[in-house]
Amino acid sequence: MTETNLVSGFHAHVYFDRDTLAQAKALCEAARDRFGLVMGRMHEKPVGPHPDWSCQLAITPEKAGEVISWLAINRDGLVIFIHPETGDHLADHTNHAIWMGAIRDLDVSMFS
């Protein structure tokens, strides 16, 4: 069993498409401003293992509970993929994954 003190942070990947771009941007900016998060770029193409357009929010372990709860209440139908940062990228993106909304197939071959 992995110890929770090995989690250095979390990434929340907010998925969107052309029709939900403005909604996703507003959600990410609101989370950034409310919780002091680092917000990544709005990727208008699949990046890394992600099958959809996405924006990453970096969350500290101390803020994880509050931020994840807030995202669950405010996502308004957007799919959000959340994973811890333990150093084991494959496990973080598979066994440790948290999904809000529809589970999407990730291309985790880069972590093998």
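The values are calculated or read from the model by the stated rules, or taken from the named source; none is laboratory data. The model shown is predicted, which means the values in this text are computed figures rather than measured ones. With ideal geometry, Cβ positions are generated from the backbone for all residues, glycine too; neighbour counts draw on all protein chains shown.
Return the pairs, sorted by first residue and then second, in which the second residue is exposed (fewer than 15 other Cβ atoms within 10 Å of the Cβ), the first residue lies in region 97-108 and is under 16 Å from ILE73 (Cβ atoms), the beta carbons are less than 8 Å apart, and the residues are 6+ apart or on different chains. Within 8 Å, the pairs are MET100/ALA72; GLY101/GLY77.
The set of residues from region 48-106 being surrounded by fewer than 19 Cβ atoms within 10 Å (Cβ to Cβ), in contact with a helix residue (DSSP H, G or I) (Cβ under 8 Å, 6 or more places away or on another chain) and of a type in the set (Phe, Trp, Tyr) comprises just one member, TRP70. With the structure loaded, tell me whether LEU6 is among the aliphatic types (A, V, I, L, M) and in contact with a Lys or Arg (Cβ under 8 Å, 6 or more places away or on another chain) or whether it fails that test. No: the conditions fail for LEU6. Of all residue pairs spaced 6 or more apart or on separate chains, those with beta-carbon atoms under 9 Å, a first member in region 6-24 that is more than 13 Å from HIS43 (Cα to Cα) and a second member that is of a type in the set (Lys, Arg) and at pLDDT 95 or above are PHE10/LYS63. If you filter region 30-85 down to residues that are acidic (Asp, Glu) and touching a strand residue (DSSP E or B) at 6+ places or on another chain (Cβ under 7 Å), you find that the one that is nearest to ASP105 (Cα to Cα) is ASP52.
In the set (1) out of contact with any His (no Cβ under 8 Å at 6 or more places or on another chain); (2) at pLDDT 95 or above; (3) under 28 Å from ASP88 (Cβ atoms), the condition left unmet by GLU29 is number (3). Could we say that GLU3 is charged (D, E, K, R) and at pLDDT below 95 here? Yes; evaluated as a whole, the condition is true for this residue. Out of curiosity, is ALA24 hydrophobic (A, V, I, L, M, F, W, C), in contact with a helix residue (DSSP H, G or I) (Cβ under 7 Å, 6 or more places away or on another chain) and modelled with pLDDT of 95 or more? The answer is no for ALA24. The set of residues from region 23-46 being aliphatic (A, V, I, L, M) and more than 13 Å from the chain's Cα centre (by Cα) comprises ALA26, ALA30.
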